[in-house]
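One structure is given below, encoded as structure tokens.
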Amino acid sequence: MIQQHIKDGTTMQITILGFNIFAKGGTSRSNINLIKAFLKNEHTVNYFNYKKFDQAQKDLLIQEEDLANNSVDIFYLNNLKQLAKTQLLIITREAFFKYSRLIKKYNPKIKIVGEIHGPLKYITEDIDLSLDTIDCVRVSTKSIKSDFIKRFNYKNVFNQYVNTEHIPIDKITKNTHKHFLIKSRFEDEVKDISYAIKLFNYIIKNKNTINIRLNIIGYGPSETLYKNLVNYYNLNKYVYINGYQPQNYIYISTSPYETLGYSIIESIFKGNRALIYGGDDGLLKEIYQSYHCTEFLTKDIEKDCEILLAFAQKNYNDKERIEDCEMLQEKFNYKNYAETYLKNIDIAINSKEVRFNSNYKLAVARKSKLKKDKNEVTLKERARQCYQCIRKVFHVIHRPFYLRKLNKIKPSKKYVFIECFHGKSFSDDPKYIAHAIRRLYPEKEIFVSSVNALVDMEIRENGFIPTRLSSDDYVNKFRRSKYIFINGNAIDKVYKHRNQVFVETWHGLPMKKMVNDLNNKKERMIQLKNFLPRMKKWDYLLVSSDLNKKLFESAFQTSKNPKLNILNYGAPRNTYLLKNNTLEEQNRIKLKYLFKLSDKKKYILYCPTWRRNERETITNIDIEKLIDYLPTEYDIIIKLHPNEGALRKCYSHINERVHCFFNELVDIQELYLISECIITDYSSTIFDYAHLNKPIILLQEDEELYQKETGYYFNIFDYGSFTIGSKNEELLAQQIVEHESVDYSRLINLLMTNDSTDSCEKILKEIFEI
């Protein structure tokens, strides 16, 4: 069909399906340019938009893009039958490929092209590409084509860059040593703009370079994250979000994966230079490494600091620009984009004809599901308003149906799920188990729960995949994972599949009584009632000693879970302390939290435990007075409990020598390594920190009340010598400075007997290799 049109020079009826052509972004630009290319060759084009729009948006787009042409129209998609009334359908979003099955039923003669705009890495197993009813697939590069064929065993693939006719190639070089630009959708999980902000923070703090500016232009869900980071790092004079866009700039791209990077190519076409992360797959380096106007980041912040500063000082000359223009013209400017596109389709289709079997099981794209998908779009606003009202009733009535749906998701040994403090941070035992799994069992894929974008950022920085707590994606990934490592209890809505393995690490060795052992009888009964059903899901519980085991057995009533295995191999979080107490690691941590190195600075860590009753301050000690009494080389780091992160506002700006970080970004094990001593009360931090044999000051301001309401398992002074902190700021400062040598060997031998450098290996061997 297509070959005949090419041969005869006749026009075609072409339909394009996209998500939202009215939004700014690379795919929208690609769709607009594709429409223009077909119109240039006098084809008729109908574009269908998945997202609703109004007439004003349509009129503005037609005016701005000069699309006032009788051969093109833009429609809202409200029925899939609309897409079948054409000769050629081009689907420009991978999640929509599944619609091809039903469309082929309506019109078996239609030819359907699927365009891959996202990196292959982001095409997960739950996305149904329906390649049995897609006639061919377009990708941008030869290497993506090769990877696609290999991964999906599908050969009807052609590679062709998106149309760049809208950008004239400017032959004039544009040099700047000051201005940097990012123009992108604010979606940090795929763009990693947070890395660029952290890079500028490092440069400003460590290189005495103040004559640089980063302008970030865009929109999207991560805008709040970027504004928070700019404020957190005090970069308001250097980093601007949605301010002005300079004409001369160096473009920065930090995305882990891209298929081309529209903003990169636009910047290069205009004569600007680009500083690019080559991609975890190396694809962007493959595309852009031949140009004089590009340099590549490494995602090592110290190296990238030097790369950026050197590149900024370098001049881009006329000879280099002429050579770059010639390469750009040859690589990206097609003589006739539409004709090349149609010829590539014809070649790809003829390489292996796709046959549609009308009896084929419709799988994910069953007709009923497709109708449901569209109903969700058309009723979206109304459904959102009603959702909260009917949620409780729905849960009761539909619980059996919900469980049946969940049980259709089969757990796989390939997947591991990690949760720390219900997604409030990425730390504690689950974090170090995740790192050990990646090192020892690299074939496993690891998902980590998160409550917000800050935690997402930390998870990605550690090389793992975040998923938002309680979301559909969370439930899906949780239920797909055979192994669940968690330091609290799983949320109830995910339940537990009979083939899943729950590994409970808990979050510290207790000094204060818990659950079944609480002194307050009423509180004890409430907690026990809620706790026991969740505890019965556990398959393994990690402990560090026989005494630790005994305390947990009493607190959690583990005898009521006969299938529970208690593994006495030590705490993975303390494996990290025992293996990494080095100057190199301490320097890394100081750069992470304090952004610069100083041999003179001494850090005091204050980490009180949580109080059940909401409070406005964590201590009666006046922190400002305390810091004034301490010598100038001393700084205080306040580490808040995960349940009291909101109190950060009380301490983050009281003095430049007092640091209170976002809880979401903090791993307290790291802070232990850079601290001269800790000040705490009834917290389990005592036991972990004892491994470092550095002073521990106990500041217990409500001891009598705490003893009455909660109680202690033992007298901590029976296990070691601890300084009792003064409630007077001047005396407390003296205690910090004039501390004596300490020895916590008795405490370690009795309570952390089995903490070792190979705890993770022992635990994982027991769980994975049974």
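Any read-out appearing in this document is the output of simple, stated calculations on the displayed coordinates, not a laboratory observation. As the structure is a prediction and not an experimental result, all values here were calculated from the model. All Cβ positions, even for glycine, are placed from backbone atoms using ideal geometry, and neighbour counts span all protein chains on display.
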Listed by chain and number, the lysines with an alpha carbon less than 16 angstrom from that of Lys178, same-chain partners under 8 positions apart left out, are Lys207, Lys237, Lys314
If every Lys and Arg gets +1 and every Asp and Glu gets -1 at its Cβ, then about the Cα centre the chain yields a dipole, in debye to the nearest 20, of 4000
Listed pairs Lys639/Lys694; Lys85/Lys105; Lys482/Lys765; Lys512/Lys549; Lys600/Lys694; Lys408/Lys765 exceeding 20 Å between Cα atoms
Lys408/Lys765
Applying the Karplus parametrisation 6.51 cos²θ - 1.76 cosθ + 1.60 with θ = phi - 60° to the phi angles of the stretch 650-655, what ³J(HN,Hα) value in whole Hz is obtained for each residue in order, glycine and proline being reported as x?
6, 10, 6, 10, 7, 6
Cα centroid distance between the stretch 33-75 and the stretch 612-681, in Å?
57
In whole Hz, the Karplus estimates of ³J(HN,Hα) for the stretch 686-696 (6.51, -1.76, 1.60; θ = phi - 60°; x where Gly or Pro) are 3, 6, 5, 5, 4, 4, 8, 6, 10, x, 10
Let me have the 222 nm mean residue ellipticity of the chain computed from DSSP H runs of 4+ only, each contributing -39500 (n - 2.57), with the sum over all residues rounded to the nearest 500.
-12000 deg cm²/dmol
Filtered hits (aspartates and glutamates, Cα-Cα < 15 Å from Lys529, offset >= 8 within chain) -> Asp492, Asp517
Give me Rg/Rg_expected for the stretch 583-751, where Rg uses Cα atoms only and Rg_expected = 2.2 N^0.38 Å with N residues.
1.01
Order of 109-119, 216-226 by packing, highest average Cβ count within 10 Å first?
109-119, 216-226
Can you sort Glu670, Glu320, Glu584 from fewest to most other Cβ atoms within 10 Å of each residue's own Cβ?
Glu584, Glu320, Glu670
Between Ile90 and residues 5 or more places away or on another chain, which pairs have amide H atoms under 5 Å apart, with H built 1.01 Å from N, and which residues are they?
Thr15, Ile16, Leu17, Val113
Normalise the Debye intensity by I(0) for the stretch 179-331, one equal point scatterer per Cα, no solvent, then take log10 at q = 0.12 Å⁻¹ and round to two decimals.
-0.47
Links that overshoot a 22 Å alpha carbon limit, given the list Lys145/Lys444; Lys191/Lys299; Lys405/Lys537
Lys145/Lys444
By counting other Cβ atoms within 10 Å of each Cβ, how are Tyr576, Tyr262, Tyr233 ranked from fewest to most?
Tyr233, Tyr262, Tyr576
Can you tell which of Thr173, Asn78, Phe552 lies farthest toward the positive end of the dipole of the chain, using +1 and -1 charges on the Cβ of basic and acidic side chains (Lys, Arg; Asp, Glu)?
Asn78
Over the chain, what is the relative contact order in percent, taking alpha-carbon pairs closer than 8 angstrom and at least six residues apart?
9
With x for Gly and Pro, the residue-by-residue ³J(HN,Hα) of the stretch 497-505, computed from phi through the Karplus equation 6.51 cos²θ - 1.76 cosθ + 1.60 at θ = phi - 60° and given in whole Hz, is 6, 4, 9, 7, 10, 9, 10, 8, 9
Under the Debye formula (equal points on every Cα, no solvent term), log10 I(q)/I(0) of the chain at q = 0.07, 0.08, 0.09 Å⁻¹
-0.63, -0.80, -0.98
Quick one: which residues, 5+ away or cross-chain, put their amide H under 5 Å from the amide H of Val157? H built at 1.01 Å from N.
Val137
Please order Arg460, Arg746, Arg404 by the number of other Cβ within 10 Å, starting at the fewest.
Arg404, Arg746, Arg460
Straight distance only, please: which lysines reach the Cα of Lys142 with their own Cα at less than 17 Å, same-chain residues fewer than 8 apart left out?
Lys121, Lys150, Lys155, Lys285, Lys331, Lys343
